[in-house]
Structures are given as structure tokens and as C-alpha cells.
Amino acid sequence: MRETFSRRTKRLLLEALRKARERGTDSIHLDDLIAGLITEDQDPDSLELNEQHPAVKSAREREPKPLGVLFSRDCWIPRDPFFAPEMAAELLAKLKRILRRSNPRTDGMLTSPQFDRAFEVAEQLRNDFHQKEVQPLHVLAAAMREPCEAAKLLQEAGITEEKVLEAVRSASVG
């Protein structure tokens with residue numbers, strides 16, 4: 001499944017892990033996933049590479065393949081965040097206040113069953129919309145189906161699964 005994750009979705013996973021570690025929980029929960037998603041959404045440097053850009057195409061066709069390539073800013077696809085900055089800050093502050101904290105772990109971290117289900121549903125949404133990669137909005141729509149404090153806060157703020165799915169539809173058309 002992870003081979004279909006976009007660069008941003010992979011980054012979202014790291015943000016969710018970071019949020020879970022901050023709270024010291026025994027596993028990565030849906031609340032951590034949504035908090036990580038909001039954080040990733042607000043990062044102006046969290047972009048997707050434009051594979052159609054001439055410099056990107058040229059680097060992909062180069063033989064022998066380079067070990068790594070740093071692309072200029074114009075090789076990346078600009079995007080607007082899904083969450084308004086004020087709303088994102090407010091949601092993250094509320095989550096920080098209401099989510100329980102425990103002692104930090106030093107060993108590996110598991111994922112909760114709800115977390116795993118959200119990614120299974122996100123993969124299904126990717127298929128349903130005939131899209132190449134699982135994007136953060138697929139994950140958000142899937143996470144909204146599971147009961148958790150973060151999903152409740154989003155709904156109270158007027159963000160529904162339907163609104164997220166509409167944004168996914170718009171992205172697949174545009």
C-alpha cells in the first residue's frame with residue numbers, strides 16, 4: 001500500500017509519529033494522525049514534485065541515474081492549504097489541551113486499529129477516484145469516518161467528510 005502514498009502522505013505519517021511521541025502514547029492513534037495532517041497541511045514546504053517540469057524529466061532520463069537531485073522551487077507544484085491558518089492553529093491548540101499525555105516511550109511504536117483502517121479506506125478512496133496516489137485529503141476523509149476527539153473537533157469547526165471528499169473530487173478534475 002505505501003507504494004501508492006504521495007510524498008506528502010509519507011510526510012504526514014512522520015508528523016503523526018512525531019505527535020504521538022510528543023504525547024508519549026503507546027501507539028499512533030487517529031488523533032495523532034489528524035494532528036499530523038493539520039501540521040503537514042500548514043507547512044509551505046510540503047509540496048509535490050512536478051514530474052512534467054523539463055528539469056525533472058531531464059533528471060529522470062539521465063544515465064547513469066543520479067544518486068540524488070535537488071530541484072529548484074519552480075519544479076514543485078504550488079498548493080493552497082486545506083485548512084485556513086487560523087483554524088489550523090486553533091484545532092492544534094485544542095487537541096493539545098484535550099488529548100491525554102503519558103510517559104514517553106523509548107522503544108518502537110505500534111499503530112492503532114483505527115489508524116490502520118483509515119489508511120485502508122484512504123487507499124479505497126484513491127481507487128474510487130481513479131487517482132494515482134493516496135493524498136492527505138484521502139486520509140482525512142477516511143479518518144473522519146472513525147470516532148475520535150480530533151474528528152469531533154473538525155466536525156464542530158464545520159469540516160465534514162463530505163467537504164473533504166468534494167476537495168478530493170476537485171483535485172481529481174483539476
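Values in this text are rule-based calculations from the coordinates and carry no lab data. Worth saying up front: this structure is predicted, and the values here are computed from it rather than measured. All Cβ positions, glycine included, derive from the backbone under ideal geometry; neighbour counts span all protein chains shown.
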Q: Let me know the shape class of the chain, please: from the alpha-carbon gyration tensor, a ≥ b ≥ c as square roots of the eigenvalues, rounded when a/c is under 1.5, otherwise prolate if a/b is greater than b/c, or oblate.
A: prolate
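At 222 nm, what helix-only mean residue ellipticity would the chain give, in deg cm²/dmol to the nearest 500, using -39500 (n - 2.57) for each DSSP H run of four or more?
On the way: 8 runs with 97 residues, N = 174.
After summing the helix terms and dividing by the residues of the chain, the value is -17500 deg cm²/dmol.
When the dipole is taken about the Cα centre of segment 11-105, and only Lys, Arg (+1) and Asp, Glu (-1) are charged at their Cβ, what size is it in debye, to the nearest 20?
Numbers: 17 positive and 17 negative charges, 101 e Å.
Taking the Cα centre of segment 11-105 as origin, the dipole is about 480 debye.
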Q: Give me the Kirkwood hydrodynamic radius of segment 1-103, using the inverse of the mean 1/r over all pairs of distinct Cα atoms, in Å to one decimal.
A: 15.7
Q: Could I have the simple spin-label model distance between Gln124 and Arg2, label points 7 Å from Cα toward Cβ, reported in nm to one decimal?
A: 2.3
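Can you give the Kirkwood hydrodynamic radius of segment 55-151 from its Cα pairs, in Å with one decimal? List each step's numbers first, then the result.
Values: mean 1/r = 0.0573 Å⁻¹.
By the Kirkwood definition, the hydrodynamic radius is 17.4 Å.
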Q.
Suppose we take every Cα in segment 119-174 and form the convex hull; what volume per residue is that in Å³?
A. 70
